[in-house]
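We did not get these values from a lab; they are worked out from the coordinates using the rules stated. Quick caveat: nothing in here was measured; it's all calculated off a predicted structure. Cβ atoms come from the backbone with ideal geometry, glycine included; neighbour counts cover every protein chain shown.
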Amino acid sequence: MRDMTTHRIITNARIVTADEIVLGTVLMRDGMIVDLRRGRDHRSDAEDWNGDYLVAGLIELHTDNLEKHLEPRPGVRWPAMSALLTHDAQVSAAGITTVLDAMGVGDFDERSVRAQGLQDAASALRHAREGGLLRAEHLLHIRCELACDNMLEVAAPFLDDPMVRLVSLMDHTPGQRQWMDVEKFRTYTQRNQRWSDEHLARVVAERQDMQARNAQRNRRGLLALCAERHIPLASHDDTVPEHIDEALASGMTISEFPTTVAAALAAREHGLGIVMGAPNLVRGGSHSGNVSALTLARDDLLDCLSSDYVPHALLHGAFLLRDQAGWSLPKAIAAVSCNPARLVGLHDRGEIAVGKRADFVRVRETASAPHLPPVPVPLATWRQGVRIA
């Protein structure tokens, strides 16, 4: 990253803090927030934001956006460094200053980008980070498919990387979790794959056999490795309260994308952080038939949003929490900044407050056309006081 700007004063901004919106002034020095006060600053070097919002840099815990660029069309593989730099530019322009790139380990399809592209993507990320080529700060979220034969062997070397800040345990086997109803899996798969009934039946049987062989062995081994390294753990696609019980017994602190109200209620009762997809909010529901994020938000069963596969959905989703779920804007912005920071131990960022990193976004709320609803526009993004988008 470029050298930090040593001094910046921003005034006449609507500053979204953890508790309120303040029309005032922020002073940054050496990449940190050093003062925040109400009212305008009339010094000649103060930047007048004309009432635009100043919000904390967004923090993304789970995005598949890099995978999308590694395979921009089905069967088309893109060079890893080029894919990474495109992904980095997109998340930065969307107001995301810290991103946990979700790297999938294990896949039922050995030809998939998740199965074949992991090593190249990780290498590109390491070289880009060391070369100062990245705008946002990139950390790692290792997503582990428990049913796959070699998941544990592939995942283990990554867990010693200090950039790994989250590990999630997944089981996408037909008959498990999100696909407990195998007919639901059939419907979803036929919409995307258009397999024959015979081929689909064979796939279901093969995956269930793989799950029976591997899931418990992989789960025990992965939990032991993560416990030794004190890596936060997330349970993925919790569907029934028993999944939350299992997560608690395994030392997990996050319920990622619960698929039902019952699972989310159990997660809230036991103090797990609840993460839902922002695209679910923007689209008005889940693309795979799971519970609506808006339903959970209205029942206060949501702590964090994830952009998942559309970077701008993170900021857009936060404003929809205000407009559709009745949240205050400070509470909504916390769902994409300080709450995710807290869940993975990033206590130096995620909030516009004295002593925090100067990671922030200038946001203007506007409509792109008279007949369209207003959307939040991230006009510019700064990380540690340096403009990155």
task = In whole Hz, with x marking every Gly and Pro, tabulate ³J(HN,Hα) for the range 338-350 from phi via Karplus 6.51 cos²θ - 1.76 cosθ + 1.60, θ = phi - 60°.
result = 6, 5, x, 4, 5, 5, 10, x, 9, 7, 8, 8, x
message = Can you give me the distance in nm between label points at A367 and V261, each placed 7 Å from the Cα along the Cα-to-Cβ direction?
response = 3.3 nm
task = Please sort by residue number the chymotrypsin sites (Phe, Trp or Tyr not before Pro) in the range 255-351 whose DSSP state is loop and whose Cβ has at most 11 other Cβ atoms within 10 Å.
result = none
request  = Express the relative contact order of the range 183-320 as a whole percentage, based on alpha carbon pairs under 8 Å and six or more residues apart in sequence.
outcome  = 15 percent
task = Can you grab the distance from the C-alpha centre of the range 139-186 to the C-alpha centre of the range 266-339, Å, no decimals?
result = 22 Å
inquiry  = If you fit an axis through the alpha-carbon atoms of helix 118-130 and take the longest principal axis of the Cα set of the chain, what angle between them do you get, 0 to 90°, nearest 10?
reply    = 20 degrees
inquiry  = Is there a quick way to get the dipole size of the chain? I mean about its Cα centre, with the Cβ of Lys and Arg at +1 and of Asp and Glu at -1; what is the value in debye to the nearest 20?
reply    = 880 debye
request  = Using only alpha carbon pairs under 8 Å that are at least six residues apart, calculate the relative contact order of the chain and give it in whole percent.
outcome  = 21 percent
query = So for the chain, taking the charge dipole from beta-carbon charges (+1 Lys/Arg, -1 Asp/Glu), which of A80, H42, L329 sits furthest toward the positive end?
reply = H42
ask   = For the range 208-216, what does the Karplus curve 6.51 cos²θ - 1.76 cosθ + 1.60, with θ = phi - 60°, yield as ³J(HN,Hα) per residue in whole Hz, taken in order and with x for Gly and Pro?
value = 5, 5, 4, 4, 5, 6, 10, 4, 5
key: Residue-wise HN-Hα coupling along the range 135-145, computed from phi with Karplus coefficients 6.51, -1.76, 1.60 (Hz; x: Gly, Pro)   = 7, 6, 8, 9, 10, 10, 10, 8, 9, 10, 8
key: Three-way shape label, the range 229-325, alpha-carbon gyration tensor, a/c 1.5   = prolate
